[in-house]
Amino acid sequence: MLTSIVGINWGDEGKGRMVDLLSEEYDIVCRYQGGNNAGHTVVNDRGKFILNLLPSGILRENVVNVMGNGMVIDLEHLHHELQRLRDGGIIITPANLKISDKAVICMPYHRLLDCLEEDRLGDAKYGSTRRGISPVYGDKYMKKVLRMGDLLHRDIYTAILENLVAYKNLIIQNVYGSEPVSYEEMLQWLDTYAAEFKDYITDVSLYLNQAEQEGKKIMFEAQLGALRDIDFGIYPYTSSSSTIAAYAPVGAGVPNLKLDHVIGIMKAYSSCVGEGPFTCELFGAEAEALREAGGEYGAATGRPRRVGPFDAVASRYGIRIQGCTEIALTKLDVLSYLEEIPICIHYELDGKIIDEFPYPALLTKAKPVIETVKGWHCDISKCRTKEDLPKEALDYVRRLEQLAGCHIKYVSVGAERDAYIIL
Ligand code: GDP
Ligand code: MG
(Lines give C-alpha, C1' and ligand atoms only; values in the text may rest on other atoms or scores of the structure.)
(Ligands and ions follow the chains in the order given, each with its own letter.)
Protein backbone atom coordinates (compact mmCIF):
# COMPACT_ATOMS: atom_id res chain seq x y z
CA MET A 1 0.00 0.00 0.00
CA LEU A 2 1.31 3.42 -0.98
CA THR A 3 0.05 6.60 0.68
CA SER A 4 1.18 10.16 0.20
CA ILE A 5 0.76 12.82 2.90
CA VAL A 6 0.73 16.26 1.39
CA GLY A 7 -0.04 19.89 2.24
CA ILE A 8 -3.17 21.52 0.83
CA ASN A 9 -2.25 25.08 1.67
CA TRP A 10 0.96 27.17 1.91
CA GLY A 11 2.80 24.71 4.15
CA ASP A 12 2.92 24.29 7.93
CA GLU A 13 -0.43 22.53 7.95
CA GLY A 14 0.89 19.98 10.44
CA LYS A 15 2.14 17.32 8.00
CA GLY A 16 4.93 16.19 10.34
CA ARG A 17 2.44 15.76 13.15
CA MET A 18 0.10 13.69 10.98
CA VAL A 19 2.92 11.58 9.53
CA ASP A 20 4.11 10.86 13.07
CA LEU A 21 0.57 9.76 13.97
CA LEU A 22 -0.39 7.81 10.85
CA SER A 23 3.01 6.14 10.30
CA GLU A 24 2.13 3.69 13.06
CA GLU A 25 0.57 1.49 10.37
CA TYR A 26 3.44 1.86 7.90
CA ASP A 27 6.80 0.15 7.47
CA ILE A 28 8.56 2.89 5.54
CA VAL A 29 8.32 6.71 5.43
CA CYS A 30 10.03 8.58 2.55
CA ARG A 31 10.66 12.27 2.08
CA TYR A 32 10.54 12.93 -1.66
CA GLN A 33 11.38 16.61 -2.17
CA GLY A 34 12.83 19.74 -0.63
CA GLY A 35 15.63 20.34 1.80
CA ASN A 36 16.19 21.80 5.22
CA ASN A 37 13.94 24.75 4.45
CA ALA A 38 11.19 22.51 5.84
CA GLY A 39 10.24 22.59 9.48
CA HIS A 40 8.04 19.80 10.80
CA THR A 41 7.28 19.92 14.50
CA VAL A 42 6.38 16.63 16.14
CA VAL A 43 5.25 16.29 19.75
CA ASN A 44 4.92 12.79 21.22
CA ASP A 45 5.73 10.74 24.30
CA ARG A 46 9.45 11.04 23.52
CA GLY A 47 9.45 14.84 23.52
CA LYS A 48 9.20 17.71 21.06
CA PHE A 49 11.24 17.43 17.88
CA ILE A 50 11.79 19.72 14.93
CA LEU A 51 12.63 17.87 11.73
CA ASN A 52 14.03 19.64 8.69
CA LEU A 53 15.52 16.92 6.49
CA LEU A 54 14.65 13.66 8.19
CA PRO A 55 11.32 11.96 7.47
CA SER A 56 8.89 12.26 10.39
CA GLY A 57 8.82 8.46 10.74
CA ILE A 58 12.27 8.68 12.33
CA LEU A 59 10.63 8.91 15.76
CA ARG A 60 9.09 5.44 15.45
CA GLU A 61 11.38 2.52 16.21
CA ASN A 62 9.88 0.10 13.70
CA VAL A 63 9.79 2.47 10.72
CA VAL A 64 12.50 2.64 8.05
CA ASN A 65 13.05 6.18 6.78
CA VAL A 66 14.10 7.07 3.27
CA MET A 67 15.44 10.33 1.88
CA GLY A 68 14.58 10.27 -1.81
CA ASN A 69 16.28 11.42 -4.99
CA GLY A 70 13.92 14.41 -5.17
CA MET A 71 15.55 15.92 -2.07
CA VAL A 72 18.44 18.36 -1.76
CA ILE A 73 20.58 17.60 1.29
CA ASP A 74 22.83 19.99 3.18
CA LEU A 75 25.14 17.45 4.82
CA GLU A 76 26.27 19.80 7.54
CA HIS A 77 22.66 20.42 8.51
CA LEU A 78 21.91 16.69 8.42
CA HIS A 79 24.88 16.08 10.73
CA HIS A 80 23.46 18.55 13.29
CA GLU A 81 19.89 17.32 12.92
CA LEU A 82 20.98 13.73 13.59
CA GLN A 83 22.99 14.91 16.57
CA ARG A 84 19.98 16.73 18.05
CA LEU A 85 17.79 13.65 17.70
CA ARG A 86 20.41 11.32 19.12
CA ASP A 87 20.80 13.69 22.08
CA GLY A 88 17.04 13.25 22.52
CA GLY A 89 17.47 9.47 22.71
CA ILE A 90 16.50 8.56 19.14
CA ILE A 91 18.55 5.74 17.64
CA ILE A 92 19.46 6.28 13.99
CA THR A 93 21.54 3.78 12.02
CA PRO A 94 21.74 2.62 8.38
CA ALA A 95 19.04 0.10 9.35
CA ASN A 96 16.39 2.79 9.87
CA LEU A 97 17.71 5.60 7.65
CA LYS A 98 18.50 5.19 3.96
CA ILE A 99 19.65 8.05 1.75
CA SER A 100 19.18 7.85 -2.02
CA ASP A 101 22.40 7.74 -4.01
CA LYS A 102 20.65 10.09 -6.44
CA ALA A 103 19.70 12.77 -3.89
CA VAL A 104 21.47 16.06 -4.56
CA ILE A 105 23.99 17.63 -2.17
CA CYS A 106 23.33 21.21 -1.11
CA MET A 107 26.78 22.78 -0.74
CA PRO A 108 27.82 25.73 1.46
CA TYR A 109 28.16 27.87 -1.68
CA HIS A 110 24.47 27.28 -2.45
CA ARG A 111 23.63 28.91 0.88
CA LEU A 112 25.95 31.78 -0.03
CA LEU A 113 24.35 32.24 -3.46
CA ASP A 114 20.84 32.19 -1.93
CA CYS A 115 21.83 35.07 0.38
CA LEU A 116 23.62 37.02 -2.36
CA GLU A 117 20.58 36.85 -4.63
CA GLU A 118 18.02 37.73 -1.93
CA ASP A 119 20.18 40.71 -0.95
CA ARG A 120 20.48 41.80 -4.57
CA LEU A 121 16.67 41.68 -4.94
CA GLY A 122 16.18 43.93 -1.90
CA ASP A 123 12.49 44.76 -1.47
CA ALA A 124 11.57 42.46 -4.35
CA LYS A 125 13.01 39.41 -2.54
CA TYR A 126 11.32 36.00 -2.74
CA GLY A 127 11.35 35.51 1.00
CA SER A 128 13.76 32.60 0.75
CA THR A 129 14.82 30.72 3.84
CA ARG A 130 18.39 31.43 2.58
CA ARG A 131 19.36 27.78 2.92
CA GLY A 132 20.50 27.35 -0.65
CA ILE A 133 17.42 25.54 -1.90
CA SER A 134 16.67 27.46 -5.10
CA PRO A 135 20.36 27.69 -6.20
CA VAL A 136 20.86 23.95 -5.68
CA TYR A 137 17.68 22.97 -7.57
CA GLY A 138 18.74 25.38 -10.33
CA ASP A 139 22.10 23.64 -10.47
CA LYS A 140 20.43 20.22 -10.51
CA TYR A 141 18.69 21.12 -13.75
CA MET A 142 21.88 22.75 -15.06
CA LYS A 143 23.53 19.39 -14.25
CA LYS A 144 26.10 21.05 -12.05
CA VAL A 145 25.74 19.26 -8.73
CA LEU A 146 27.20 16.42 -6.72
CA ARG A 147 24.89 13.60 -5.69
CA MET A 148 25.08 11.39 -2.65
CA GLY A 149 26.30 8.43 -4.69
CA ASP A 150 29.36 10.43 -5.75
CA LEU A 151 30.46 10.46 -2.12
CA LEU A 152 31.20 6.74 -2.32
CA HIS A 153 34.07 7.37 -4.76
CA ARG A 154 36.68 9.95 -3.77
CA ASP A 155 38.27 10.14 -7.24
CA ILE A 156 34.86 10.91 -8.76
CA TYR A 157 33.76 13.62 -6.35
CA THR A 158 37.18 15.28 -6.32
CA ALA A 159 37.10 15.72 -10.08
CA ILE A 160 33.46 16.91 -10.20
CA LEU A 161 34.04 19.35 -7.37
CA GLU A 162 36.98 20.97 -9.11
CA ASN A 163 34.82 21.82 -12.10
CA LEU A 164 31.90 22.96 -9.99
CA VAL A 165 33.93 25.31 -7.82
CA ALA A 166 35.55 26.90 -10.87
CA TYR A 167 32.09 27.43 -12.43
CA LYS A 168 30.46 28.75 -9.27
CA ASN A 169 33.31 31.15 -8.58
CA LEU A 170 32.78 32.75 -11.97
CA ILE A 171 29.28 33.67 -10.79
CA ILE A 172 30.16 34.50 -7.20
CA GLN A 173 32.98 36.84 -8.23
CA ASN A 174 31.80 38.30 -11.53
CA VAL A 175 28.05 38.53 -10.99
CA TYR A 176 27.92 39.32 -7.29
CA GLY A 177 31.43 40.75 -6.77
CA SER A 178 31.86 38.48 -3.75
CA GLU A 179 34.81 36.48 -2.40
CA PRO A 180 35.47 33.14 -4.18
CA VAL A 181 34.90 29.88 -2.34
CA SER A 182 37.91 27.68 -1.66
CA TYR A 183 38.18 24.32 -3.40
CA GLU A 184 40.23 22.91 -0.51
CA GLU A 185 37.59 23.91 2.04
CA MET A 186 34.79 22.41 -0.05
CA LEU A 187 36.77 19.20 -0.50
CA GLN A 188 37.39 18.94 3.20
CA TRP A 189 33.67 19.50 3.82
CA LEU A 190 32.83 16.64 1.44
CA ASP A 191 35.52 14.35 2.89
CA THR A 192 34.14 14.87 6.39
CA TYR A 193 30.54 14.02 5.46
CA ALA A 194 31.43 11.26 3.00
CA ALA A 195 33.00 9.46 5.96
CA GLU A 196 29.97 10.11 8.18
CA PHE A 197 27.23 9.15 5.71
CA LYS A 198 28.74 6.50 3.40
CA ASP A 199 26.94 3.63 5.09
CA TYR A 200 23.55 5.35 4.73
CA ILE A 201 23.80 5.89 0.96
CA THR A 202 22.05 3.26 -1.12
CA ASP A 203 19.95 2.54 -4.19
CA VAL A 204 16.65 3.30 -2.47
CA SER A 205 14.74 2.74 -5.69
CA LEU A 206 15.67 -0.92 -5.60
CA TYR A 207 15.06 -1.09 -1.86
CA LEU A 208 11.55 0.41 -2.17
CA ASN A 209 10.59 -1.78 -5.10
CA GLN A 210 11.63 -4.89 -3.21
CA ALA A 211 9.81 -3.67 -0.10
CA GLU A 212 6.65 -3.10 -2.09
CA GLN A 213 6.90 -6.60 -3.59
CA GLU A 214 7.09 -7.98 -0.06
CA GLY A 215 3.83 -6.18 0.77
CA LYS A 216 5.37 -3.44 2.93
CA LYS A 217 3.32 -0.30 3.52
CA ILE A 218 5.02 2.83 2.27
CA MET A 219 4.19 6.43 3.16
CA PHE A 220 5.50 9.45 1.26
CA GLU A 221 5.92 12.68 3.18
CA ALA A 222 5.80 16.07 1.47
CA GLN A 223 7.35 19.28 2.58
CA LEU A 224 5.40 22.56 2.14
CA GLY A 225 2.00 22.65 0.43
CA ALA A 226 0.24 22.73 -2.93
CA LEU A 227 0.46 26.50 -3.14
CA ARG A 228 4.25 26.35 -2.89
CA ASP A 229 4.63 23.83 -5.69
CA ILE A 230 7.07 25.02 -8.35
CA ASP A 231 4.54 24.53 -11.18
CA PHE A 232 1.12 24.88 -9.57
CA GLY A 233 1.84 27.21 -6.65
CA ILE A 234 2.00 30.99 -6.35
CA TYR A 235 5.03 31.21 -8.65
CA PRO A 236 7.58 32.78 -8.21
CA TYR A 237 6.86 32.76 -4.46
CA THR A 238 7.00 29.00 -4.44
CA SER A 239 9.55 26.51 -3.36
CA SER A 240 11.88 25.16 -6.05
CA SER A 241 10.59 21.61 -6.04
CA SER A 242 7.39 19.73 -6.69
CA THR A 243 5.37 19.43 -3.50
CA ILE A 244 2.50 17.52 -5.06
CA ALA A 245 1.46 13.92 -4.53
CA ALA A 246 1.90 12.93 -8.16
CA TYR A 247 5.62 13.64 -7.80
CA ALA A 248 5.98 11.46 -4.70
CA PRO A 249 6.73 8.18 -6.51
CA VAL A 250 9.25 9.97 -8.75
CA GLY A 251 10.98 11.89 -5.97
CA ALA A 252 11.11 8.85 -3.71
CA GLY A 253 12.61 6.60 -6.39
CA VAL A 254 9.66 4.45 -7.49
CA PRO A 255 8.18 6.14 -10.58
CA ASN A 256 6.80 2.73 -11.57
CA LEU A 257 4.46 2.53 -8.57
CA LYS A 258 1.01 4.10 -8.16
CA LEU A 259 -0.40 5.77 -5.07
CA ASP A 260 -3.39 4.15 -3.34
CA HIS A 261 -4.20 7.06 -1.03
CA VAL A 262 -3.46 10.77 -0.91
CA ILE A 263 -4.13 12.31 2.49
CA GLY A 264 -4.29 16.08 2.28
CA ILE A 265 -3.34 17.97 5.41
CA MET A 266 -5.51 21.07 5.59
CA LYS A 267 -5.42 23.70 8.28
CA ALA A 268 -8.62 25.00 9.95
CA TYR A 269 -7.40 28.54 9.09
CA SER A 270 -4.64 29.90 6.85
CA SER A 271 -0.99 30.63 7.44
CA CYS A 272 1.77 31.58 5.06
CA VAL A 273 5.43 32.18 5.77
CA GLY A 274 7.50 34.48 3.59
CA GLU A 275 6.57 36.68 0.65
CA GLY A 276 3.90 36.37 -2.02
CA PRO A 277 0.20 37.06 -2.47
CA PHE A 278 -2.00 35.84 0.40
CA THR A 279 -5.54 36.87 -0.43
CA CYS A 280 -7.21 36.11 2.88
CA GLU A 281 -4.49 37.75 5.02
CA LEU A 282 -5.52 39.37 8.30
CA PHE A 283 -3.66 42.35 9.73
CA GLY A 284 -3.41 44.23 13.03
CA ALA A 285 -4.94 42.97 16.26
CA GLU A 286 -7.00 40.24 14.57
CA ALA A 287 -3.87 38.77 12.97
CA GLU A 288 -1.92 39.10 16.21
CA ALA A 289 -4.58 37.17 18.14
CA LEU A 290 -4.70 34.31 15.61
CA ARG A 291 -0.88 34.14 15.35
CA GLU A 292 -0.62 33.91 19.13
CA ALA A 293 -3.40 31.33 19.43
CA GLY A 294 -1.84 29.14 16.73
CA GLY A 295 1.79 29.70 17.72
CA GLU A 296 2.44 30.68 14.13
CA TYR A 297 6.18 31.16 14.04
CA GLY A 298 8.28 29.24 11.49
CA ALA A 299 9.72 25.96 12.79
CA ALA A 300 12.76 26.27 10.49
CA THR A 301 13.36 30.00 10.77
CA GLY A 302 11.34 31.41 13.71
CA ARG A 303 9.77 33.96 11.35
CA PRO A 304 6.26 35.14 12.36
CA ARG A 305 3.84 33.56 9.92
CA ARG A 306 1.19 35.60 8.12
CA VAL A 307 -2.28 34.36 9.06
CA GLY A 308 -5.88 34.53 7.84
CA PRO A 309 -9.20 32.68 7.86
CA PHE A 310 -9.73 29.36 6.05
CA ASP A 311 -9.55 30.00 2.30
CA ALA A 312 -12.04 27.80 0.43
CA VAL A 313 -10.88 28.90 -3.03
CA ALA A 314 -7.20 28.12 -2.42
CA SER A 315 -7.96 24.93 -0.46
CA ARG A 316 -10.26 23.49 -3.11
CA TYR A 317 -7.55 24.17 -5.68
CA GLY A 318 -4.94 22.53 -3.43
CA ILE A 319 -7.15 19.44 -3.03
CA ARG A 320 -7.63 19.17 -6.79
CA ILE A 321 -3.92 19.58 -7.58
CA GLN A 322 -3.01 17.03 -4.93
CA GLY A 323 -5.68 14.57 -6.01
CA CYS A 324 -6.70 13.97 -2.39
CA THR A 325 -8.69 10.92 -1.43
CA GLU A 326 -9.27 12.23 2.11
CA ILE A 327 -8.43 15.17 4.36
CA ALA A 328 -6.94 15.57 7.81
CA LEU A 329 -8.03 18.92 9.22
CA THR A 330 -5.51 20.31 11.72
CA LYS A 331 -5.42 22.94 14.46
CA LEU A 332 -9.19 23.18 14.93
CA ASP A 333 -8.55 23.89 18.65
CA VAL A 334 -6.75 27.12 17.73
CA LEU A 335 -10.04 28.75 16.73
CA SER A 336 -11.64 28.14 20.13
CA TYR A 337 -10.98 31.73 21.27
CA LEU A 338 -13.27 33.20 18.59
CA GLU A 339 -16.95 33.98 19.16
CA GLU A 340 -17.46 34.24 15.42
CA ILE A 341 -15.25 32.62 12.80
CA PRO A 342 -14.62 34.16 9.39
CA ILE A 343 -14.28 31.91 6.31
CA CYS A 344 -13.13 33.10 2.89
CA ILE A 345 -15.69 31.49 0.56
CA HIS A 346 -14.99 33.24 -2.78
CA TYR A 347 -12.58 35.76 -4.27
CA GLU A 348 -13.57 38.97 -5.95
CA LEU A 349 -11.41 39.76 -8.97
CA ASP A 350 -11.98 42.78 -11.22
CA GLY A 351 -15.51 43.16 -9.86
CA LYS A 352 -16.42 39.49 -10.47
CA ILE A 353 -16.99 36.78 -7.87
CA ILE A 354 -14.80 33.78 -8.64
CA ASP A 355 -14.54 30.28 -7.19
CA GLU A 356 -11.54 28.95 -9.10
CA PHE A 357 -8.02 29.85 -8.05
CA PRO A 358 -6.76 32.42 -10.57
CA TYR A 359 -3.44 32.70 -12.42
CA PRO A 360 -0.98 33.61 -9.63
CA ALA A 361 0.10 36.97 -11.05
CA LEU A 362 -3.54 38.15 -10.75
CA LEU A 363 -3.76 37.30 -7.06
CA THR A 364 -2.53 40.73 -5.98
CA LYS A 365 -5.84 42.10 -7.28
CA ALA A 366 -8.03 39.43 -5.66
CA LYS A 367 -10.08 40.27 -2.55
CA PRO A 368 -11.57 37.75 -0.13
CA VAL A 369 -15.35 37.36 0.20
CA ILE A 370 -16.01 36.49 3.82
CA GLU A 371 -18.77 34.47 5.49
CA THR A 372 -18.99 34.45 9.26
CA VAL A 373 -20.11 31.43 11.26
CA LYS A 374 -20.77 30.97 14.96
CA GLY A 375 -17.80 29.81 17.04
CA TRP A 376 -17.90 27.23 19.86
CA HIS A 377 -15.88 29.39 22.24
CA CYS A 378 -14.71 26.65 24.60
CA ASP A 379 -11.75 24.33 24.98
CA ILE A 380 -11.96 21.37 22.57
CA SER A 381 -8.40 20.10 23.01
CA LYS A 382 -9.58 17.16 25.14
CA CYS A 383 -12.21 16.00 22.64
CA ARG A 384 -11.44 12.55 21.24
CA THR A 385 -14.67 11.60 19.47
CA LYS A 386 -17.10 13.34 17.17
CA GLU A 387 -19.67 13.29 20.00
CA ASP A 388 -17.27 15.20 22.29
CA LEU A 389 -17.17 18.16 19.90
CA PRO A 390 -19.57 21.07 20.49
CA LYS A 391 -22.22 21.39 17.77
CA GLU A 392 -20.69 24.62 16.40
CA ALA A 393 -17.29 22.94 16.01
CA LEU A 394 -18.76 20.01 14.11
CA ASP A 395 -20.81 22.45 11.99
CA TYR A 396 -17.60 24.34 11.17
CA VAL A 397 -15.86 21.11 10.09
CA ARG A 398 -18.87 20.12 7.97
CA ARG A 399 -18.95 23.58 6.36
CA LEU A 400 -15.25 23.30 5.44
CA GLU A 401 -15.87 19.81 4.09
CA GLN A 402 -18.68 21.11 1.91
CA LEU A 403 -16.58 24.02 0.64
CA ALA A 404 -13.53 21.84 0.07
CA GLY A 405 -15.45 19.07 -1.69
CA CYS A 406 -13.47 16.27 -0.06
CA HIS A 407 -14.15 14.00 2.91
CA ILE A 408 -12.54 15.12 6.17
CA LYS A 409 -11.51 11.91 7.90
CA TYR A 410 -9.29 13.18 10.72
CA VAL A 411 -9.58 16.31 12.85
CA SER A 412 -6.66 17.28 15.01
CA VAL A 413 -7.27 19.30 18.16
CA GLY A 414 -3.74 19.56 19.59
CA ALA A 415 -0.08 19.10 18.77
CA GLU A 416 0.29 15.89 20.80
CA ARG A 417 0.16 12.55 19.01
CA ASP A 418 -3.18 11.43 20.50
CA ALA A 419 -5.01 14.77 20.20
CA TYR A 420 -7.18 13.84 17.24
CA ILE A 421 -10.63 12.62 16.27
CA ILE A 422 -11.62 10.19 13.53
CA LEU A 423 -14.87 11.27 11.88
P1 GDP B 1 4.40 21.02 8.81
O2 GDP B 1 5.50 21.83 8.23
O3 GDP B 1 3.22 20.86 7.91
O4 GDP B 1 4.87 19.71 9.36
O5 GDP B 1 3.84 21.86 10.07
P6 GDP B 1 4.69 22.64 11.18
O7 GDP B 1 5.25 21.63 12.12
O8 GDP B 1 5.64 23.60 10.56
O9 GDP B 1 3.57 23.52 11.86
C10 GDP B 1 2.48 22.97 12.53
C11 GDP B 1 2.54 23.40 14.01
O12 GDP B 1 1.29 23.19 14.61
C13 GDP B 1 3.52 22.62 14.84
O14 GDP B 1 4.07 23.46 15.81
C15 GDP B 1 2.67 21.51 15.48
O16 GDP B 1 3.19 21.06 16.71
C17 GDP B 1 1.39 22.25 15.67
N18 GDP B 1 0.18 21.43 15.54
C19 GDP B 1 -0.08 20.42 14.67
N20 GDP B 1 -1.35 20.01 14.77
C21 GDP B 1 -1.92 20.78 15.73
C22 GDP B 1 -3.25 20.87 16.28
O23 GDP B 1 -4.17 20.16 15.90
N24 GDP B 1 -3.44 21.83 17.23
C25 GDP B 1 -2.47 22.65 17.67
N26 GDP B 1 -2.76 23.55 18.58
N27 GDP B 1 -1.22 22.59 17.17
C28 GDP B 1 -0.96 21.68 16.22
MG1 MG C 1 6.56 23.55 8.62
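The values are calculated or read from the model by the stated rules, or taken from the named source; none is laboratory data. Being a predicted model, the structure only gives us computed values, none of them experimental. We place every Cβ from the backbone using ideal geometry, glycine too, and count neighbours over all the protein chains shown. These area figures cover heavy atoms from the full protein model, side chains too; ligands, DNA and RNA do not enter into them. Shrake-Rupley method; radii C 1.70, N 1.55, O 1.52, S 1.80 Å.
Among the residues making up segment 191-229, those that are among the aliphatic types (A, V, I, L, M) and in contact (Cβ under 8 Å) with a residue 60 or more places away in the chain are Ile201, Val204, Leu208, Ala211, Ile218, Met219, Ala222, Leu224, Ala226, Leu227. Of all residues in segment 299-328, those that are farther than 15 Å from Gln402 by Cβ and open to solvent by 30 Å² or more (accessible area, probe 1.4 Å) have Cβ atoms under 8 Å from Cβ atoms of residues that are within 16 Å of ligand 2 (Cβ to nearest atom) and among the basic types (Lys, Arg), 6 or more apart or on another chain, in Pro304/Arg291. Given (1) within 16 Å of ligand 2 (Cβ to nearest atom); (2) modelled with pLDDT of 90 or more; (3) under 23 Å from Gln322 (Cβ atoms), where does Gly39 come up short, assuming only one miss? Failing condition for Gly39: (2). If the condition is being touching a Leu at 6+ places or on another chain (Cβ under 9 Å) and within 11 Å of ligand 1 (Cβ to nearest atom), then segment 31-56 contributes Gly34, Asn37, Ala38, Gly39, His40, Thr41, Val42, Asn44, Phe49, Leu51, Asn52.
When the test is whether a residue is assigned to a loop (DSSP other than H, G, I, E, B), open to solvent by less than 10 Å² (accessible area, probe 1.4 Å) and within 16 Å of ligand 1 (Cβ to nearest atom), Gly233 passes it. Condition check: under 28 Å from Ile218 (Cα atoms) and open to solvent by 30 Å² or more (accessible area, probe 1.4 Å). Does Lys140 satisfy that? Yes: the conditions hold for Lys140. The residue pairs whose first member lies in segment 247-275 and is under 30 Å from Gln210 (Cβ atoms) and away from ligand 2 (no atom under 16 Å from the Cβ), whose second member is of a type in the set (D, E, K, R) and open to solvent by less than 50 Å² (accessible area, probe 1.4 Å), and whose beta carbons are closer than 6 Å, counting only pairs six or more residues apart or on different chains, are Ile263/Glu326. Go through the residues of segment 7-24 one by one and say whether even a single one is within 18 Å of Gly68 (Cα to Cα) and either open to solvent by 10 Å² or more (accessible area, probe 1.4 Å) or more than 16 Å from ligand 2 (Cβ to nearest atom) (or both). Looking through segment 7-24, at least one residue is within 18 Å of Gly68 (Cα to Cα) and either open to solvent by 10 Å² or more (accessible area, probe 1.4 Å) or more than 16 Å from ligand 2 (Cβ to nearest atom) (or both). The residues of segment 122-145 include none that are outside any helix (DSSP H, G or I), of a type in the set (A, V, I, L, M) and closer than 17 Å to Pro236 by Cβ.
Mind checking which residues of segment 1-30 are more than 14 Å from ligand 1 (Cβ to nearest atom) and more than 13 Å from the chain's Cα centre (by Cα)? Within segment 1-30, Met1, Leu2, Thr3, Glu24, Glu25, Tyr26, Asp27, Ile28 qualify.
Per this entry, Glu296 is counted among residues that are of a type in the set (Asp, Glu), open to solvent by less than 10 Å² (accessible area, probe 1.4 Å) and within 16 Å of ligand 1 (Cβ to nearest atom). For segment 70-92, does any single residue satisfy the condition of being within 19 Å of Leu22 (Cα to Cα), at pLDDT 95 or above and surrounded by 20 or more Cβ atoms within 10 Å (Cβ to Cβ)? No; the residues of segment 70-92 include none that is within 19 Å of Leu22 (Cα to Cα), at pLDDT 95 or above and surrounded by 20 or more Cβ atoms within 10 Å (Cβ to Cβ). For Leu2, the conditions (1) at pLDDT 95 or above; (2) open to solvent by 10 Å² or more (accessible area, probe 1.4 Å); (3) more than 16 Å from ligand 2 (Cβ to nearest atom) all hold with the exception of (2). Count of segment 275-314 residues, restricted to those that are under 15 Å from Lys331 (Cα atoms) and either part of a strand (DSSP E or B) or among the polar types (S, T, N, Q) (or both), is 5.
Looking across Asp119, Asp150, one residue alone is exposed (fewer than 14 other Cβ atoms within 10 Å of the Cβ) and in a helix (DSSP H, G or I). It is Asp119. Those strands (runs of 3 or more DSSP E) of segment 335-423 in which at least 2 residues are in contact with a His (Cβ under 7 Å, 6 or more places away or on another chain) and β-branched (Val, Ile, Thr), considering only elements entirely within it, cover 352-354. Selection over segment 42-55 of residues that are over 11 Å from the mean Cα position of the chain (by Cα) and within 16 Å of ligand 2 (Cβ to nearest atom) gives a count of 6.
Lys102 fulfils the conditions (1) within 30 Å of Gly138 (Cβ to Cβ); (2) open to solvent by 10 Å² or more (accessible area, probe 1.4 Å); (3) within 13 Å of ligand 1 (Cβ to nearest atom); (4) in contact with a helix residue (DSSP H, G or I) (Cβ under 7 Å, 6 or more places away or on another chain) except for a single criterion, (3).
Candidates Glu196, Glu184, Glu179: the one that is at pLDDT 95 or above and either within 27 Å of the chain's Cα centre (by Cα) or closer than 30 Å to Glu13 by Cβ (or both) is Glu196.
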